[in-house]
Amino acid sequence: MSVDRNKLEALLKWYRQEVGANLIAAIIVNREGLVMAAVKGESETEVEEDVIAGVSALVEPVLTRITEEFSSGAFGTGTFDTEEQRIIFCEAGPEAIFVTVLDSIAMVDPIFPYAYLAAEKIARIFDGRTVSPVIPKLISDHDTQKIERKVDKLQKIKVKSGEYAYKLILGGEGGVGKTSMVHRFVENAFQTDYKSTIGTSIMKKECDFEGLDSKVRFVLWDLAGQAQFKRVRQSYLSNAEAGILVYDVTRKDTLDKVENWFSEIKDVSPNISLILVGNKIDLTEDRVISTEMGEAFAKKLNLSYIETSAKTGENINDAFKMLALQRIREYVFTEEV
Ligand code: GDP
Ligand code: MG
């Protein structure tokens with residue numbers, strides 16, 4: 001395997017800059033626990049090798065557990081606290097695990113988005129896909145409260161009349177195609193301008209509508225595999241204005257679980273606009289949920305319904321546009337009438 005280590009290191013340097021003073025070290029290990037790339041924090045005074053060696057020793061015993069627990073999802077995440085450190089593990093694709101070591105006073109939540117962002121980029125680097133090592137500059141200072149406020153602002157700035165920005169989340173079981181849908185949606189229209197954000201967990205995309213004066217900008221939060229951790233999930237689901245519930249038309253269990261996702265999301269973000277999406281319709285042979293069944297289910301939850309294939313791209317743009325229109329209709333037009 002010939003992974004581009006220079007790219008990994010460039011990425012880690014950006015990561016260090018974004019996380020700031022609380023970072024002790026950031027390390028990329030492979031599934032055997034071998035260090036592929038590492039940086040120490042800005043304020044660390046010890047020699048780099050010592051820090052990295054210390055952290056590697058720390059990582060080793062939990063690595064087995066991580067690998068077992070997250071073997072099913074693509075981006076599992078976990079946090080562990082020791083007396084002196086707080087550690088965030090993110091699965092970075094099938095081959096690597098991204099480890100962030102913070103000092104014990106650090107707040108983990110504001111750092112999570114960056115860890116995900118970095119983990120997805122690492123996965124792409126391992127995949128040999130093109131990826132910018134630059135983590136988009138969402139946050140420029142290290143005061144965690146300010147960071148939270150800024151992220152919050154980013155989620156719902158009213159740019160100017162007729163232009164709206166919404167935080168969009170995706171709910172649904174692992175493997176139904178959420179990440180694929182987001183990538184398909186973002187890459188198709190912003191191939192030139194948005195290259196640096198492709199493959200990240202937080203992405204932006206605008207929707208224009210012909211014959212309509214409004215523009216909707218989505219800030220897409222891809223929940224990824226950390227969904228099994230309720231504490232993490234809640235902070236991601238909160239303050240969301242728009243959401244897509246996704247199931248896989250070839251797996252009945254994923255439709256059964258939609259109801260749980262629906263109520264959990266509604267609990268955390270009661271005013272969210274939601275739609276239901278049946279994905280993977282290109283797999284006609286394996287399909288077990290018919291359009292009628294999907295529609296009936298959506299009707300029961302009072303949701304709009306659309307079927308997509310992230311693989312062929314069918315209806316992907318329309319799904320997001322449908323959601324944008326629904327949001328405008330529910331919360332903009334009605335308020336102003
Ligand atoms: P997530 O866990 O919901 O984010 O799902 P992913 O986007 O990671 O997709 C899980 C798997 O399903 C991947 O192997 C995708 O390539 C595949 N996949 C996603 N969408 C489609 C689709 O529309 N059709 C087919 N055939 N495969 C898909
Ligand atoms: Mg995903």
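Rounded to the nearest 0.05, what FRET efficiency is calculated for Ser290 and Thr312 with R0 set to 22 Å and r the Cβ-Cβ distance?
Values: r = 19 Å, r/R0 = 0.87.
The pair Ser290/Thr312 has a calculated efficiency of 0.70.
Given a Förster distance of 41 angstrom, what is the FRET efficiency for Gln326 paired with Arg31, based on the Cβ-Cβ distance and rounded to 0.05? Please report the intermediate quantities before stating the final value.
Working: r = 42 Å, r/R0 = 1.03.
About 0.45, to the nearest 0.05.
Can you list residues from other chains, or at least 5 along the same chain, whose modelled amide H is less than 5 Å from the amide H of Lys215?
Glu163, Tyr164
Using the Karplus curve 6.51 cos²θ - 1.76 cosθ + 1.60 with θ = phi - 60°, work out ³J(HN,Hα) for each residue of the range 9-17 in order, rounded to whole Hz, and write x for Gly and Pro.
For the range 9-17, the Karplus curve yields 5, 4, 5, 5, 5, 5, 4, 4, 4 Hz.
Per residue of the range 266-283, what does 6.51 cos²θ - 1.76 cosθ + 1.60 with θ = phi - 60° give for ³J(HN,Hα)? Whole Hz please, x for Gly and Pro, Karplus curve as stated.
5, 5, 7, 10, x, 9, 6, 9, 10, 10, 10, 10, x, 9, 6, 5, 5, 8
Would you pull out the residues with amide H under 5 Å of Asn279's amide H, same chain only if 5 or more places away, H placed 1.01 Å from N?
The answer is Tyr247, Asp248, Val249, Thr308.
State the extension gain, in nm to one decimal, for the chain segment bounded by Gln234 and Arg129, taking 0.36 nm per residue of separation less the distance between their alpha-carbons. If you can, show how the numbers build up before the last one.
Values: separation 105, 0.36 × 105 = 37.80 nm, distance 3.14 nm.
That works out to 34.7 nm of additional length.
Between Asp256 and Glu84, what length in nm is gained on full extension when 0.36 nm per residue of separation is reduced by their alpha carbon distance?
57.7 nm
Show me the ranking of peptides 167-179, 114-126 by mean Cβ neighbours inside 10 Å, starting with the highest.
On the way: 167-179: 23.7, 114-126: 25.6.
In decreasing order of mean packing, 167-179, 114-126 become 114-126, 167-179.
Since every read-out is calculated from the coordinates, none of them should be taken as a lab result. Values in this document were obtained by computation on a predicted structure and should not be read as measured data. We place every Cβ from the backbone using ideal geometry, glycine too, and count neighbours over all the protein chains shown.
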